[in-house]
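This report refers to the structure that appears directly beneath it.
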Amino acid sequence: MKALRTHAVGGPETLTLDDIADPVAGKGEVVVAVKACSINFPDTLMIRDMYQFKPQRPYAPGGEFAGVIESVGEGVSGWKAGDRVIAMTGHGGLAEKVAVETGRLFPLPDGVSFEVGASLLMTYATTIYGLQDRGHLKAGDTLLVLGAAGGVGLSGIELGKAMGARVVAAVSSEVKAQVAREAGADEVVIYGRPPFDKDQARSLTEAFKAACGADGANVVYDIVGGEYSEAALRAIAWEGRFLVVGFPAGIAKLPLNLTLLKSCDVCGVFWGGFIARDPAANAAHVAELFRLLADGKIAPRVSETFPLERGGDAIAKLANREAVGKLVVTMG
Ligand SMILES: NC(=O)c1ccc[n+]([C@@H]2O[C@H](COP(=O)([O-])OP(=O)(O)OC[C@H]3O[C@@H](n4cnc5c(N)ncnc54)[C@H](OP(=O)(O)O)[C@@H]3O)[C@@H](O)[C@H]2O)c1
């Protein structure tokens, strides 16, 4: 089978399309024939050894994929060859076949495409955990979503709307603003690109405050970090929740006096850690996501698909801030 693998630390251009032996399902595992593997920001970091998890090389990146079970190993019950599944493995998905522990599988409902199935969990399941469990978002709240036209960002807009919030989306271009509006954002802020001088930082804060309204944002969903974070924190509401989700623009430092002035909380959101500690709660979230998908309340936007040999181009596009919605690598 073919797999797009990293052999040494580097960018997407260092990945090679290798012919390797088919995997065999071990005890408690199934082999999944991958149909679609979505690209997520961690894929851009992992191959450069900049992510918290560093798998042993050589390995294929691609942490989230959908496909069909081809064979089952010893001791597996509840799954059979031919079942359509979604798998969350952290890496390995940019390959034609992957051996997966059954605990990492979810059934892919009939009628949901492999591309959409592969685009659902890392983004929307992170966000439902973030907004619901960490942010306590409720109907009528104002939610500010940064990086709102990316994979996690769009899930923030859609789930925020589904939960009854007024959603302010912040993005870096008019093209991304249009995508955010189509996803349901009530208000859009187009921000510049750092570094910001004092005046630019102040006007970014003013833009966030103007869009969020006099009371500010009850919840800030920060998937961007860098210099954007402090400006967003300055626009938070009294007793608001600032959710720390990701750092494509760099790890932010926040002046703690701002949290005192607003009596607000800064809350970390680590979905992988949450799944490991409470898989049942995550499974309940995933069931809720499938209900919202069936009701048309959420709809992952797959903006572009790539063949396996061009998986590196998909990773490069995401890393270069050029992606809108989800980029997906499809097999065969
Ligand atoms: N905490 C968790 O459990 C968890 C789970 C999943 C993902 N994440 C994190 O969430 C973040 C978003 O992931 P994603 O898959 O949605 O990525 P994505 O689709 O690439 O979206 C990231 C967005 O960040 C913005 N951005 C700002 N500065 C950037 C820069 N220098 N380079 C690239 N993008 C930049 C871009 O929007 P603008 O151009 O509009 O600013 C982009 O759309 C990542 O940091 C990821 O690691 C965290």
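The values are calculated or read from the model by the stated rules, or taken from the named source; none is laboratory data. Just so it is clear, the structure is predicted and the values come from calculations on it, not from any experiment. So basically every Cβ, Gly included, is an ideal-geometry build from the backbone, and we count neighbours across all protein chains shown.
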Conditions (1) outside the structural domain of G160 (by TED's automatic domain parsing); (2) over 15 Å from the mean Cα position of the chain (by Cα); (3) assigned to a helix (DSSP H, G or I) -> E304 fails only (3)
What's the total number of residues in the range 173-210 that are under 17 Å from Y228 (Cα atoms), within 18 Å of the chain's Cα centre (by Cα) and among the small types (G, A, S)? 0
Only one of L243, L261 is touching a strand residue (DSSP E or B) at 6+ places or on another chain (Cβ under 6 Å), modelled with pLDDT of 95 or more, in the same structural domain as L137 (by TED's automatic domain parsing) and not small (G, A, S); which? L243
Among residues belonging to the range 123-180 that are acidic (D, E) and surrounded by 19 or more Cβ atoms within 10 Å (Cβ to Cβ), point out the one that is nearest to R193 (Cα to Cα). E158
Of the residues A314, A232, only one is assigned to a helix (DSSP H, G or I), closer than 25 Å to T330 by Cβ and in contact with a strand residue (DSSP E or B) (Cβ under 8 Å, 6 or more places away or on another chain); which? A314
Considering each of G135, G160 in turn, give the residue that is touching a helix residue (DSSP H, G or I) at 6+ places or on another chain (Cβ under 7 Å) and not aromatic (F, W, Y). G160
Over the range 189-219, the set of residues β-branched (V, I, T) and either without any contact (Cβ under 8 Å) to a residue 24 or more places away in the chain or assigned to a helix (DSSP H, G or I) (or both) is V189, I190, T205
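Restricting to strands (runs of 3 or more DSSP E) lying wholly in the range 63-155: which have 2 or more residues that are within 28 Å of D18 (Cβ to Cβ) and in contact with a Gly (Cβ under 7 Å, 6 or more places away or on another chain)?
Passing ranges, in order: 64-72, 84-88, 97-101.
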In the range 193-218, residue surrounded by the fewest Cβ atoms within 10 Å (Cβ to Cβ) [restricted to those that are within 15 Å of the ligand (Cβ to nearest atom) and within 26 Å of T126 (Cα to Cα)]: R193
So E288 passes all but one of these: (1) away from the ligand (no atom under 13 Å from the Cβ); (2) acidic (D, E); (3) not in a helix (DSSP H, G or I). Which condition number does it fail? (3)
